[in-house]
């Protein structure tokens, strides 16, 4: 079995830490370095490595780099990776939107390397063909991953009522806000609280969510998206409320979901009557979905992931497996 | 100032404990007894009383009783209270539905005392005239209180699109599940979790919620209601998603809410751009509402209460104040 | 009843917020201002005030100032207060140690105003006579308050075995670490964790704890003090393990504690067999103590406070009441 | 590699669930059954099995049984296992005490099968020789495991001052209280709280802790043991305070610990200056120890485990590995 030499940029953030842990246990990976700005010289947990400064590493030493960096910084390293001829798995937002214009709209800044766009969108269950053997892939955000998987069968079967908004009431653990300290993530502010933020359509993830959903169903309505900060460390739930058109009744949905995700090792569709809870997904690499028919033309779908795993690190590794042509779930189940 | 002698049935449950605490601090109340089945002989916190068995108390000793009892048991004591000629504030579900048929549908059991129905529905901000000077009042459930206050201006101005479902994604602290131990409320099951339950239209509170909403707007659509168990002890958030008809644009909503709740001491409407969080309401007697216009005809409303206060105990006291003709907020602000 | 005009410096930290809330409800206080560096212009919760910059306020407007400021900054304002001829209640560490030398040892910096030392140590149950009618008082830290009250009867009766160390294993909620964001107080670092820090004798509070304890019993041994960061927002428990000399057997301790604290409204001694828990004290202004005889000459004492109340804000108000000669518990029970 | 067929009794309690998960991932184990009383017919998480009633299983089908049963019930199945000639790993308290008299003292009931006593005490780092190739082993409780490992070097080197009590202030996550619902484990009672219980010397684990410690150092003093219920799901910290005799100074302790645990894969001794936190051990199979010299003759040791892993399930598997003569850490690292 051929070894794959890998490096991680941004290994000391929450997604980076999970990524390092998963890669350290991956049977075909040799983890060569993990960079950090704040923790240089400290041990990278779960490995024999110590965090190094990004300035110290050589891209020529590895076959693939993972970028768990802030947006804007990430594209710069991605560009260098492409130029070096190695594979690049980006976990930032820099390569998820197809055009520099869309990026500028969502991120209020010009794209650092527009020539990298469009990049294959790394949601394997939906976009596997374009990820396989690609040299660079944009791993989706945690909210879009969870919502898109929850909506995928509806979009693929064009079962949504044309133009009617899709409601996504989402709840995320605090690691989703990153490791940099702020009053928002102060224990005493979060504890015992539940905080809606960037509601309506103002969250930056709405752009990539709608971009990818539209590719599947051009008639879908706009997404109304309200995220909440949950007083837990990890886990993400998207509670989705949809109106169906007359091509499918709500009690036929479960069969559709079961069929679409039948071969997917990293998506579980719960039996009718069971509800996905946060604990179904936390510390796993899976997305877990439950479907509740409410009225004949209305349904409630609950889609759950670990925001740091299927919502970030493990999905990045799933993409890498596809990019190198090895078993997609290697090191993940 | 005339003293009011009061007794509490079910004083050792979570709502009962908050009720006892509020009554003990009420300037016009003499709390005469608090009953309990499991804690007889133990001190009632915040008072000089000890819990007594319900068999030991005499209704003739008091001018008003509060019933924080399970459904079915509560109506029996309510009936005795009515026969004794004292006032009755019921916190159970027994008197909230207007007909024995509706009760039988929601609670799968015949009503113990159908002659008590209909009872005034004790949500003062909506139903104040019928509560004032009443002899018996049904205090609403925590979910209906929070959702109805969040919807009230829309219902009163008939601003909702006719027949379109109203989405209520709700989240409640664990005290909402009662104090009786069960695996559902075991710390290790709830901790780090988020659990949807009785989703769609299967929760018993849907009946009273729709009953009262329909009285305000007969054209409203059905309620799609999904409660979740939050890993916190108290607090309830109703996240409401609505489609408006063309009588009101979403950016006019805030003015409508501000106008409707202008004189209400126990409802706060946050300024535009601010979001209600759980902490706005926890350990207060208020409902706190924020309004977010999303698209021209769609809005997201967040309504928050403390499930044990405005969702139970303090609303019961607010009702009692009205029933005795004293200042509605006495002992509550 | 004569009104007392008061101002708060540092009103937007956690202790400051509790202080503002308590003063707003105090029947004899007119709260004139609350300063903040980070929240100027925002409403001070529970009041009609807005936070102002410290530069904007005039000490001549008030009869008393409360200083919930960082050490070093606090003494400077205290000095100005003294010069203005108003009363000063300091909540910082600046005035707790009797000598500039002791201060320099614990805080690694020269004392900003050594002429203010010594200041009466504001632990009323132990030091009431010196606080009453004083013009300036140093409110103790949360750990020393809780530990000293838990030890007080033993020290007063000289019941501790001479020279044997006193073990204090302490646990504090996260607000004790202040509101300034840091990785230490990041939700995801604290959640599900328990973290010992500054163990042994390295915590700065050891100095004032031993200074005050020695005044009561010069033969006491050194304090071995290990604080832990608890994953809760507020509450502080000091678990104290002591060896007794032969003047008192462990089963006589409860009577001694009951006698010493008999008249104290803000200290509860639990009945034998009951254990103090964090919830006994959280959101109250009390210290709650339980005593467990273990062997004839060994005992375990649990002393609990709310670190922001009896451990800071409410004790400051208790001191102020004494300084103005009004009922010590006014606004506190 | 020879396969080992195993069965679990009591697989649906918290320790049982972790045990089933570990065994399912063990490279040499075939997990044949997991019994449950309350969850018969439900899937055993992490496996292809369904929980079965204990009455349905045949001991002859397996080479080893694990007993995660309540005390008294466990010894009865252990006896049957012995009679069947298979190996028995008991996780209950039934076989930990060496004599029926000691059992009767700690558990207030006669021992169900005194002929099984004494059984080798299954703490491999201390008692490996007696566990290896044994047919029946008693896996220690979570508190004794954590405290004994924290004390082991001191006991082995006879470094404790003769007769002086050893203070163990312990804190445990809620899973330590078992999965059976009770008010003690109700989320709303535990949340935001910290609760001392069975303090002094009244906890049942004191017996086995002192029994095993005395075997190592007959001169040690009594253990003063105070456990607390922590508001987290898993993790156990023993904070140990000891007085040394003049054979070893406190600053020599770290070397002694490092030497004693040098070859132990499941015990980590942290570098001087670092403190063990709950997160060092949670969801791992390790015990993590830090040592703080306080005064020349006094030290503070913090020993941490996951109460369900090294404190129960993973230690049971470690014992089984020894009993079958395979690598002690197989399936555990």
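The values are calculated or read from the model by the stated rules, or taken from the named source; none is laboratory data. Remember, predicted model here, so these are calculated numbers, not experimental data. Note that each Cβ is placed from the backbone with ideal geometry, even for glycine, and that neighbours are counted across all protein chains shown.
Quick check on my filter: what residues within the stretch C:164-178 are surrounded by 20 or more Cβ atoms within 10 Å (Cβ to Cβ) and touching a helix residue (DSSP H, G or I) at 6+ places or on another chain (Cβ under 9 Å)? Hits for the stretch C:164-178 are C:166, C:168, C:170, C:171, C:172, C:173, C:174, C:175, C:176. Could you check, for the stretch D:89-106, whether at least one of its residues is farther than 18 Å from residue D:208 by Cα and touching a residue at least 40 places away in the same chain (Cβ under 8 Å)? Within the stretch D:89-106 (the criterion being farther than 18 Å from residue D:208 by Cα and touching a residue at least 40 places away in the same chain (Cβ under 8 Å)), the answer is no, since none of the residues qualifies.
Screening the candidates D:123, D:95, D:49 for the property of being touching a strand residue (DSSP E or B) at 6+ places or on another chain (Cβ under 8 Å), more than 30 Å from residue A:271 (Cβ to Cβ) and crowded, with 16+ Cβ neighbours inside 10 Å yields one hit, D:95.
Yes/no matrix, rows are residues, columns are (1) within 16 Å of the chain's Cα centre (by Cα); (2) surrounded by fewer than 19 Cβ atoms within 10 Å (Cβ to Cβ); (3) assigned by TED's automatic domain parsing to the domain that holds residue C:245:
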site	(1), (2), (3)
C:257	no, no, yes
C:261	no, no, yes
C:273	no, yes, yes
C:277	no, no, yes
C:280	no, no, yes
C:285	yes, no, yes
C:288	yes, no, yes
C:317	yes, no, no
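Considering only residues in the stretch A:301-320 that are assigned to a loop (DSSP other than H, G, I, E, B) and under 16 Å from residue A:138 (Cβ atoms), the one that is farthest from the other protein chains (Cβ to nearest Cβ) turns out to be A:310. Evaluated against (1) on the phi > 0 side of the Ramachandran plot; (2) touching a helix residue (DSSP H, G or I) at 6+ places or on another chain (Cβ under 6 Å), residue A:283 falls short on exactly one condition, (2). So for the stretch C:189-198 (the condition being modelled with pLDDT of 95 or more, closer than 24 Å to residue C:94 by Cβ and assigned by TED's automatic domain parsing to the domain that holds residue C:245), does at least one residue qualify? Yes, that holds for at least one residue. Within the stretch D:33-46, can you find the residues that are on the phi > 0 side of the Ramachandran plot and either in contact (Cβ under 8 Å) with a residue 12 or more places away in the chain or crowded, with 23+ Cβ neighbours inside 10 Å (or both)? Within the stretch D:33-46, just D:46 meets the criteria.
Pairs please, first residue from the stretch C:1-29 and closer than 14 Å to residue C:318 by Cβ, second anywhere and modelled with pLDDT under 95, Cβ atoms under 6 Å, 6+ apart in sequence or on different chains. From residues that are closer than 14 Å to residue C:318 by Cβ, the pairs are C:28/C:1.
Residue A:311 satisfies every condition listed in (1) at negative phi; (2) more than 17 Å from the chain's Cα centre (by Cα) except (2). In this structure, is residue C:30 in a strand (DSSP E or B), at pLDDT 95 or above and surrounded by fewer than 23 Cβ atoms within 10 Å (Cβ to Cβ)? Yes, satisfied. Considering the stretch C:161-186, the residues that are touching a strand residue (DSSP E or B) at 6+ places or on another chain (Cβ under 6 Å) and at the interface with chain A (Cβ under 8 Å from one of its Cβ atoms) include one that is nearest to residue C:68 (Cα to Cα), namely C:181.
When the stretch D:187-230 is filtered for residues that are more than 13 Å from chain C (Cβ to nearest Cβ), farther than 23 Å from residue D:312 by Cβ and surrounded by 20 or more Cβ atoms within 10 Å (Cβ to Cβ), only D:220 remains.
Which residues, taken from the stretch D:6-23, are more than 21 Å from residue B:189 (Cβ to Cβ) and outside any strand (DSSP E or B)? Matches in the stretch D:6-23: D:23 only. The strands (runs of 3 or more DSSP E) found wholly in the stretch D:231-300 and carrying at least 1 residues that are without any contact (Cβ under 8 Å) to a residue 24 or more places away in the chain, touching a strand residue (DSSP E or B) at 6+ places or on another chain (Cβ under 7 Å) and within 14 Å of chain C (Cβ to nearest Cβ) occupy D:287-295. Figure legend. Inter-residue proximity from the stretch B:201-229: first residues on the phi > 0 side of the Ramachandran plot, second residues at pLDDT 95 or above, beta-carbon distance below 6 Å, spacing 6+ or different chains. No pairs are indicated.
Among the numbered conditions (1) closer than 30 Å to residue B:276 by Cβ; (2) buried (at least 21 other Cβ atoms within 10 Å of the Cβ); (3) in contact with a helix residue (DSSP H, G or I) (Cβ under 7 Å, 6 or more places away or on another chain), the only one that residue B:81 does not meet is (1). Residue check: residue B:60 meets all listed conditions (1) away from chain D (no Cβ under 14 Å); (2) buried (at least 18 other Cβ atoms within 10 Å of the Cβ); (3) outside any loop (DSSP other than H, G, I, E, B) but one, namely (2).
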